[in-house]
1. Treat the range 58-118 as a sphere of radius equal to its Kirkwood radius over Cα pairs and apply Stokes-Einstein at 10 °C in a medium of 1.306 mPa s; give the translational diffusion coefficient in µm²/s, rounded to a whole number.
2. For the chain, what is the Kirkwood estimate of the hydrodynamic radius, computed as the reciprocal of the mean inverse distance between distinct Cα atoms, to one decimal in Å?
3. Relative contact order for the range 160-209: what percent, with Cα pairs under 8 Å and sequence separation of 6 or more?
4. Based on the mean of other beta carbon atoms within 10 Å per residue, what is the order of 211-221, 103-113, most packed first?
5. In vacuum, with every alpha carbon of the range 24-92 counted as one equal point scatterer, what does the Debye formula give for log10 I(q)/I(0) at q = 0.24 Å⁻¹? Two decimals, please.
6. PRE reach from Lys176 (point 7 Å along Cα→Cβ): which of the range 18-49 fall under 13 Å by backbone N?
7. Using alpha-carbon positions, what is the distance between the centroids of the range 3-69 and the range 73-142, in Å?
8. Contour minus end-to-end for Leu97 and Gln8, with contour as 0.36 nm per residue of separation and end-to-end as the Cα-Cα distance?
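Values in this text are rule-based calculations from the coordinates and carry no lab data. Note that the structure is a prediction, hence the values are computed from the model and not measured. Cβ atoms come from the backbone with ideal geometry, glycine included; neighbour counts cover every protein chain shown.
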Amino acid sequence: MLTVSNLQHIYPGNVEALRGVALDLREGELLCLAGANGCGKSTLLAVLAGILPVTEGAVSVKGREAGPEDLRGVCRLLMQDPDMQILGATVEEDLHLGRGDNDPEQARAVLDGLGFDAPHDRPVHALSWGMKRKLCLAGALLDDPGVLLFDEPFSGLDYPGIREMRRVLRHNREQKLTQVVAAHDLECVADIADRFALLAKGRIVAVGSADDVFDKLRENAVRPPCSWHLGRTVAPWDGSE
């Protein structure tokens, strides 16, 4: 689906955030991008979403090199702070901004599928953190993306919100939607990700299954999930959920 080759991104002031990143994202998989805060996860997602430029290297979509505009046509990024993405004054207004031909019934169906139970005329500032996340996700799904990029999707969620986000991720995977979940705490995603890519100091240091990656977490400043830390295989984090 996406292939990242020798990717580098340098911020103004010659701050190198990514260097030599190589990664293949398979169609329909849920890839967990693991790493400590400041390792470059958000920067990599922003590059894949076509928001930040490639300083060096390349990103390809299905074998063809893609520029920022191409990536924006394929990927949708869900930022860690939903307030940075919500532009409309109400739920309905936010969903229709920039989508002039959007079908209101389709928008309602997407919201209902996410368990969004707030009135569509509710002011966005009156929504809970979890509901704001759902609103951003609904907007992304309405664009029919090929890839969904989640930046710390469990941050700030309570236990019911975490369970709901896990349900959404599993449902998307069942629908063969390609997903990348960036996380510094793997507890909520350890048992549902297909593969893991470990990022440290701007470099990918390990890619593969839990067996391939988890024993390298601690040395790269990431806490292993409790189930793994206790010496078991990755068991469901909260039972059947």
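1. 113 µm²/s
2. Kirkwood radius, the chain: 18.5 Å.
3. This gives 23 percent for the range 160-209.
4. Order by mean packing, descending: 211-221, 103-113.
5. -1.24
6. Only 27-29 pass the distance filter.
7. 26 Å
8. 28.8 nm
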